[in-house]
Amino acid sequence: MAVRPIPAGIAYADDSDRRASRSRTWRKLGRNPAAVLGVMILLGVVGAALAAPWITPHDPAKQSLIRRFTPPVWATGGNSAYPLGTDQVGRDVLSRIIHGARISLLVGVLAVVVSVLVGVTLGLVSGFLGGRIDTVIMTAVDITWSFPQILLALAFVAALGPSLVTVILVLGFTGWERYARVVRAEVLALREKDFIEAARAMGIGSARILARHILPNTFSSIVVLSTLQVAQAILQEAALSFLGVGSGRTYPTWGQMIALGRDFVSVAWWLPTFPGLAILATVLAINLVGDRLRDALDPRV
């Protein structure tokens with residue numbers, strides 16, 4: 001018995017519905033003041049990070065003991081050449097914060113990419129195949145989730161040695177279980193749908209069903225979770241740098257700046273304060289966008 005092709009009009013209608021749904025999602029985000037504020041802050045942070053070599057007033061590693069502990073420009077004794085002051089060896093705080101944004105965003109995004117690749121793949125396989133494979137993968141998820149993530153990351157970084165690549169890989173491989181669990185739940189609900197049964201009846205292979213029919217229907221959950229996980233990865237990178245096992249001394253990072261400034265907080269309050277505010281603003285902006293994106297993509301809202 002020949003299978004009748006799907007009329008072109010139905011495909012066009014589906015594409016039109018998808019475009020209309022995406023348009024409604026972006027309009028809903030555009031009308032949300034918190035989401036707009038978060039996007040504006042993120043654009044500022046990302047723009048500053050990308051343009052760091054050209055917009056920073058000084059070399060972030062250049063030292064000048066004559067200028068050490070210069071206060072911010074609005075404080076008594078401030079210097080307009082150093083708007084946010086200098087640290088204990090005379091390095092410009094503003095320049096170090098801007099260059100630190102590059103490390104925080106790079107680690108946050110790449111660590112989430114690693115987590116997505118590992119977690120989504122295992123979640124798809126676990127939910128679709130089931131059986132012993134599902135049991136093994138979910139047991140691994142439960143074991144990984146039973147360890148505090150920051151302590152697990154701390155142990156791996158301490159064992160492998162502090163470096164930028166090590167931090168990215170460690171944070172990526174200690175954050176995959178969230179994606180595996182969320183994607184598995186989505187697949188369990190999707191694999192019994194009529195369109196999946198129809199694809200099986202037409203002889204379509206399991207790999208193509210996963211790639212073409214199931215994976216696209218999990219994108220909204222993956223996008224929202226990834227957005228929030230970037231903020232978590234930035235906080236974890238700052239914590240590792242604060243503890244001295246981050247990306248090392250080669251690059252200025254926000255956590256490292258807080259750690260170096262904590263001993264001088266009574267005489268130079270700006271040293272730990274401004275990097276802390278940079279972390280606060282960036283993580284808050286990402287969370288604002290992620291929460292509103294989740295609301296916009298949730299069909300029940």
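Quick note: the coordinates plus some simple rules give every number you see, no bench work behind them. All figures in this text were calculated on a predicted structure; none of them were measured in a lab. Note: ideal-geometry Cβ built from the backbone for every residue, glycine included; neighbour counts use all protein chains shown.
Contour minus end-to-end for VAL113 and SER80, with contour as 0.36 nm per residue of separation and end-to-end as the Cα-Cα distance?
Full-extension gain reported as 7.9 nm.
Where does the stretch 43-117 land on the Kirkwood hydrodynamic radius, alpha-carbon pairs, in angstrom?
Details: mean 1/r = 0.0747 Å⁻¹.
For the stretch 43-117, inverting the mean 1/r across all distinct Cα pairs yields 13.4 Å.
Apply 1/(1 + (r/R0)^6) to the Cβ-Cβ distance of VAL267 and ILE66, taking R0 = 22 Å, and write down the FRET efficiency to the nearest 0.05. It would help to have the intermediate numbers written out before the result.
Details: r = 17 Å, r/R0 = 0.77.
Computed FRET efficiency for VAL267 and ILE66 comes out at 0.80.
Applying the Karplus parametrisation 6.51 cos²θ - 1.76 cosθ + 1.60 with θ = phi - 60° to the phi angles of the stretch 81-86, what ³J(HN,Hα) value in whole Hz is obtained for each residue in order, glycine and proline being reported as x?
Listing the rounded values in order: 6, 10, x, 10, x, 10 Hz.
For the stretch 220-239, list residues with backbone N below 17 Å from a point placed 7 Å from the Cα of VAL46 toward its Cβ?
223-234
Give me the number: length gained by fully extending ASP59 to LEU37, i.e. 0.36 nm times residue separation minus the C-alpha to C-alpha distance, one decimal in nm. Don't skip to the answer; put the middle values down first.
Numbers: separation 22, 0.36 × 22 = 7.92 nm, distance 3.04 nm.
Difference between extended and current length: 4.9 nm.
What is the angle, in °, between the Cα long axis of helix 176-190 and the longest principal axis of the Cα atoms in the chain? Nearest 10 is fine, range 0 to 90.
Here the helix axis deviates by roughly 20 degrees.
The list (i) 20.2, 68; (ii) 23.8, 88; (iii) 22.2, 71 gives values of Rg and Dmax of the Cα atoms in Å, and only one came from this structure; which label was calculated from it?
Correct label is (ii).
To the nearest 20 debye, what charge dipole does the chain have about its Cα centre, counting +1 at the Cβ of each Lys and Arg and -1 at the Cβ of each Asp and Glu?
Values: 28 positive and 18 negative charges, 96 e Å.
About 460 debye.
Can you give me the Rg/Rh ratio for the stretch 186-301, using Cα atoms for both radii and the Kirkwood formula for Rh? Mind dumping the intermediate values first?
Working: Rg = 22.1 Å, Rh = 17.6 Å.
Reported Rg/Rh, Kirkwood definition of Rh: 1.25.
Order these by the 10 Å Cβ neighbour count, fewest first: MET138, MET257, MET202. Kindly include the intermediate steps, with their values, before the conclusion.
On the way: MET138 18, MET257 26, MET202 8.
The fewest-first ordering by Cβ neighbours comes to MET202, MET138, MET257.
Step through the residues of the stretch 34-44 one at a time and calculate ³J(HN,Hα) from phi using the Karplus curve (6.51 cos²θ - 1.76 cosθ + 1.60, θ = phi - 60°), rounding each to whole Hz and writing x for Gly and Pro.
5, 5, 5, 4, x, 5, 5, 5, 4, 4, x
As a footprinting exposure proxy, order SER241, SER163, SER266 by other Cβ within 10 Å, with the fewest listed first.
Numbers: SER241 29, SER163 14, SER266 6.
With the fewest neighbours first, SER241, SER163, SER266 line up as SER266, SER163, SER241.
Excluding THR253 itself, calculate the net charge of residues whose Cβ lies under 14 Å from the Cβ of THR253, where each Lys or Arg counts +1 and each Asp or Glu counts -1. Walk me through the intermediate numbers first.
Details: positive: ARG91, ARG96, ARG102, ARG249; negative: ASP87, GLU237.
In short, +2.
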